[in-house]
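Only one structure is covered here, and it is reproduced in the block below.
The values are calculated or read from the model by the stated rules, or taken from the named source; none is laboratory data. Just so it is clear, the model here is predicted, and its values are computed rather than measured. So basically every Cβ, Gly included, is an ideal-geometry build from the backbone, and we count neighbours across all protein chains shown. Just the protein is used for accessible areas: all its heavy atoms, side chains included, with ligands, DNA and RNA removed. Shrake-Rupley method; radii C 1.70, N 1.55, O 1.52, S 1.80 Å.
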Amino acid sequence: MEHFNTASAEDLEQTLLSCLRSPRWAGRVAEHRPYPNLDSLLAAADEAAYDLTWADLIEALATESLPPLPPDTYSAAHTALSAAHAAYEARFGHVFVICLDGVAPAEVLDRILEAIRSRLTNDPEEERAVTADELRRLARGRLLTALRDAGNCAINH
């Protein structure tokens, strides 16, 4: 936590925006420094994500990319996934996002296709809530990765 708490404002902004491209979210997380431990940081990141407006989320979604597939995925799966993504974007007007933290590589394709099929049945309001939660989960996972990459493996909870 020391590195996170003492990072320059510019470095911290870059790190946070790499987790979620929302200046409002990054600002909210940064303004509550210093954090006594990882749990308090993650709670603040979650709270800041819950407070984002749909406009904030659309801004963050604009830079999200489609989930990567395992390298050995066959071409028919890529075709099916491309069609599913296109249908999703046509229905909801933004890219499909899903947090796949903890999903085994062999299960990624099935999980993505299952989620897109399921979420295509959502009404727009319901899908906004699901999308917001997936972005929050993505930001949380990316923040944990950034902290580990910065040498914060032994963070005191």
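Springs join every pair of Cα atoms under 10 Å in this Gaussian network model of the chain, and among Ala87, Ala104, Ala48 the largest mean-square fluctuation is at Ala104.
When peptides 134-143, 119-128, 105-114, 71-80 are ranked by their average number of other Cβ atoms within 10 Å per residue, the highest-first order is 134-143, 105-114, 119-128, 71-80. Taking K and R as +1 and D and E as -1, what net charge do the other residues with C-beta under 14 Å from the C-beta of Asp101 add up to? With Lys, Arg at +1 and Asp, Glu at -1, the neighbours total +3. Toward the positive end of the charge dipole of the chain, with +1 on the Cβ of Lys and Arg and -1 on the Cβ of Asp and Glu, the farthest Cα among Pro34, Leu144, Ala115 is that of Ala115.
A Cβ-based charge dipole, computed about the Cα centre of the range 1-138 with Lys and Arg at +1 and Asp and Glu at -1, lands at about 240 debye. Highest mean first, the peptides 88-95, 54-61 sorted by other C-beta atoms within 10 Å per residue fall in the order 54-61, 88-95. For the range 25-101, what does the alpha-carbon gyration tensor say about shape, rounded, prolate or oblate, given a ≥ b ≥ c as the root eigenvalues, a/c under 1.5 as rounded, and a/b over b/c as prolate? It is oblate, given that a/c is not under 1.5 and a/b is not larger than b/c.
Starting from the Cα of Ser118, move 7 Å in the Cα-to-Cβ direction to define the label point; list residues of the range 30-52 whose amide nitrogen is under 15 Å from there. So the set is empty, nothing qualifies. If you take all other residues with their beta carbon under 15 Å from the beta carbon of His3, and give Lys and Arg +1 and Asp and Glu -1, the sum is -3.
Sequence-ordered 3J(HN,Hα) estimates for the range 6-20 from the Karplus curve with 6.51, -1.76 and 1.60 and θ = phi - 60° stand at 10, 4, 5, 4, 5, 5, 5, 4, 4, 4, 5, 5, 6, 8, 7 Hz, glycine and proline given as x. Taking every protein chain into account, the accessible area of the range 18-157 amounts to 53 square angstrom per residue (probe 1.4 Å). With both labels modelled 7 Å from their Cα along Cα-to-Cβ, the Asp149 to Ser40 distance reads 2.6 nm. Rolling a 1.4 angstrom probe over the range 33-157 with all protein chains present gives an accessible area of which 53% lies on carbon and sulfur atoms.
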